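Asks: Quick one: this structure, given as structure tokens, is what I'll be asking you about.
The values are calculated or read from the model by the stated rules, or taken from the named source; none is laboratory data. Given the structure is predicted, the values throughout are model-derived calculations rather than measurements. Because the Cβ atoms are built from the backbone with ideal geometry, glycine has one as well, and the counts that use them run over all protein chains shown.
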Amino acid sequence: MKYSPRPYWTEVAERIQARGLRNFLAGDDTPFYRYQRSRFLEEFRKINFRDKSVLEVGCGPGGNLEVIHSANPKRLVGCDISQKMIDLATQNLKSILPDVELILTDGVTLPFEDESMDIACTVTVLHHNTDEEMLVRLMREICRVTREKVFLFESTSNKIKAGESTITRPIGHYQTIMGEYGFKLTEVKYISVFFSRLTSAVITRLMSLRKRKEGEPIPSMVIACQRACLPLTRLLDRCFTGQRGLTKMLFEQKA
Ligand SMILES: C[S@@+](CC[C@H](N)C(=O)[O-])C[C@H]1O[C@@H](n2cnc3c(N)ncnc32)[C@H](O)[C@@H]1O
């Protein structure tokens, strides 16, 4: 069946829910993805959200919204194309819910006034928008509703590489689209997890007896082997930083 974000992520949300509440990994729960999320959070926590109106597009189960909330934003909104993801975020964020607006979107339009948000961000969302027209329409909307800064945390590569549900694009691709809608690239940082990703992918491929669906339980041997390799590979990740993989891109409104 052809990949389409809404049904795909709704099914993933059902599998995440089966793992129990407050599991914020918006896909597979493996030692590698936990590590990658911790590396991402190191960078994400440096952003100054205090007293800002903040929008996360593609908020999934709500883990990033919880982090933003702890920084005391003025207004906090999460939106997602999947109602099931919104439901998960609603359950996960129950204790802070009066402070967080959660909104279902159609994937291409954002129901907010022009420049009504100081900051907008996406975290591993656009690289799951494989349809170029959908990507451009969504990015135009993100630029329309944002006054100051847009943070994109997406996988990038030196040329376009398309998979079933993922597409990695060069930074320049995002830069061109954002430029057309009035934002310039002011910072790039690679969150290098190259060796860990490679090792974990090889382990998963060699040890998985059948093709799994994203978010399904992982064989315990895969978990044990990934865990055993991570102490070494995470050291290598810090020593050799390749220019690809999960990338922080900061765009600011042109003067
Ligand atoms: C890999 S998950 C990431 C979730 C969250 N950002 C995080 O880091 O935990 C991707 C999320 O983006 C949502 N999504 C994908 N395409 C979208 C779109 N065009 N508009 C809004 N949400 C979208 C999916 O439903 C899913 O919840």
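Asks: So which residues in region 29-54 are at pLDDT 95 or above, touching a helix residue (DSSP H, G or I) at 6+ places or on another chain (Cβ under 7 Å) and outside any helix (DSSP H, G or I), if there are any at all?
Replies: The answer is ARG45, PHE49, VAL54.
Asks: For residues in region 106-159 being exposed (fewer than 15 other Cβ atoms within 10 Å of the Cβ) and in contact with a Pro (Cβ under 7 Å, 6 or more places away or on another chain), which is nearest to PHE194 (Cα to Cα)?
Replies: My answer is ASN158.
Asks: How many residues does region 176-196 hold that are part of a helix (DSSP H, G or I) and touching a helix residue (DSSP H, G or I) at 6+ places or on another chain (Cβ under 7 Å)?
Replies: 5
Asks: Still on this model: What about GLU43, is it out of contact with any strand residue (DSSP E or B) (no Cβ under 6 Å at 6 or more places or on another chain), among the acidic types (Asp, Glu) and within 26 Å of GLU141 (Cβ to Cβ)?
Replies: No.
Asks: Can you give me the number of residues within region 78-132 that are free of Cβ contacts under 8 Å to residues at least 40 places away in the same chain, more than 12 Å from the ligand (Cβ to nearest atom), in a strand (DSSP E or B) and out of contact with any helix residue (DSSP H, G or I) (no Cβ under 6 Å at 6 or more places or on another chain)?
Replies: Qualifying residue count for the region: 1.
Asks: When you go through SER192, SER220 one by one, which is the residue that is of a type in the set (Gly, Ala, Ser) and crowded, with 19+ Cβ neighbours inside 10 Å?
Replies: Step by step, each of SER192, SER220 is checked, and only SER192 is of a type in the set (Gly, Ala, Ser) and crowded, with 19+ Cβ neighbours inside 10 Å.
Asks: Another one. Anything in region 14-40 that is within 12 Å of the ligand (Cβ to nearest atom) and in contact with a strand residue (DSSP E or B) (Cβ under 9 Å, 6 or more places away or on another chain)? List them, or say none.
Replies: Within region 14-40, ALA26, GLN36, PHE40 qualify.
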